[in-house]
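Enquirer: Here you go, one structure.
The values are calculated or read from the model by the stated rules, or taken from the named source; none is laboratory data. Only a predicted model underlies this, so the values are computations on that prediction, with no experimental measurement involved. Note that we place each Cβ from the backbone using ideal geometry, even for glycine, and neighbour counts take in every protein chain shown.
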């Protein structure tokens, strides 16, 4: 069965998942088509198994973010890893987003469990930052999680359609910076400087008006 899964992954990477046939996968695996049906009842059953195995493999190298210092670095790494996974497997990522997740039975799949375990790390980062007072309270970590991954999906959709490139490093910086700065309870140094400059400008204008 491993040969079938490997062949299916190679065909999907080359053609995308939409046009793949069981016959092509069987030919790639150098077996008769009937053998594929001994293990998988239809193409979607096979594609789902390929996606599950591949995402499990990708998430297997996820580093425990407790090894990182600072909330921003933890957040940025998790965002970067998610973007890199999409970049490494656009066809399977598109298949999961457009075909699997909208289904009513998605929560019964192994993919749902894999994704839940994967996203739990970023929820934990948010929860710890809120508890410590580093992040503002009032926004549940599940909402922040959805905001991050919703932004990732929206920002990578053109790439998944085969339009343009995906700069993982730049996009990870942008998303992490916006979320971190928006949620940080204590103003950043550059924000404090901007406010100080504004106050000085107003003071200068007032003094000028008095002279």
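Enquirer: Working carefully through the options 111, 83, 62, find the one that is under 30 Å from residue 179 (Cα atoms), surrounded by 13 or more Cβ atoms within 10 Å (Cβ to Cβ) and modelled with pLDDT under 90. Reasoning before the result, please.
Expert: Working: 111 fails: modelled with pLDDT under 90; 83 fails: modelled with pLDDT under 90.
From the options 111, 83, 62, the qualifying one is 62.
Enquirer: Within the bounds of the range 21-41, is there any residue that is under 20 Å from the mean Cα position of the chain (by Cα), free of Cβ contacts under 8 Å to residues at least 40 places away in the same chain and either within 30 Å of residue 125 (Cα to Cα) or assigned to a helix (DSSP H, G or I) (or both)?
Expert: Let us first name the residues in the range 21-41 that are under 20 Å from the mean Cα position of the chain (by Cα), namely none.
No, that holds for no residue.
Enquirer: In the range 45-90, what residues are touching a helix residue (DSSP H, G or I) at 6+ places or on another chain (Cβ under 8 Å) and over 25 Å from residue 174 (Cβ atoms)?
Expert: 46, 47, 48, 49, 50, 51, 52, 53, 54, 56 - these are the residues of the range 45-90 that are touching a helix residue (DSSP H, G or I) at 6+ places or on another chain (Cβ under 8 Å) and over 25 Å from residue 174 (Cβ atoms).
Enquirer: Can you go through 156, 98 and tell me which one is touching a residue at least 60 places away in the same chain (Cβ under 8 Å), within 30 Å of residue 44 (Cα to Cα) and assigned to a helix (DSSP H, G or I)?
Expert: Numbers: 98 fails: touching a residue at least 60 places away in the same chain (Cβ under 8 Å).
None of the other options fit; the residue is 156.
Enquirer: Shifting gears a bit: Which of (1) surrounded by fewer than 20 Cβ atoms within 10 Å (Cβ to Cβ); (2) in a helix (DSSP H, G or I); (3) without any contact (Cβ under 8 Å) to a residue 60 or more places away in the chain does residue 47 not meet, given it meets every other one?
Expert: (1)
Enquirer: Run down 17, 37 and say which single residue is buried (at least 20 other Cβ atoms within 10 Å of the Cβ), more than 23 Å from residue 178 (Cα to Cα) and not assigned by TED's automatic domain parsing to the domain that holds residue 158.
Expert: Values: 37 fails: buried (at least 20 other Cβ atoms within 10 Å of the Cβ).
Matching residue, one of 17, 37: 17.
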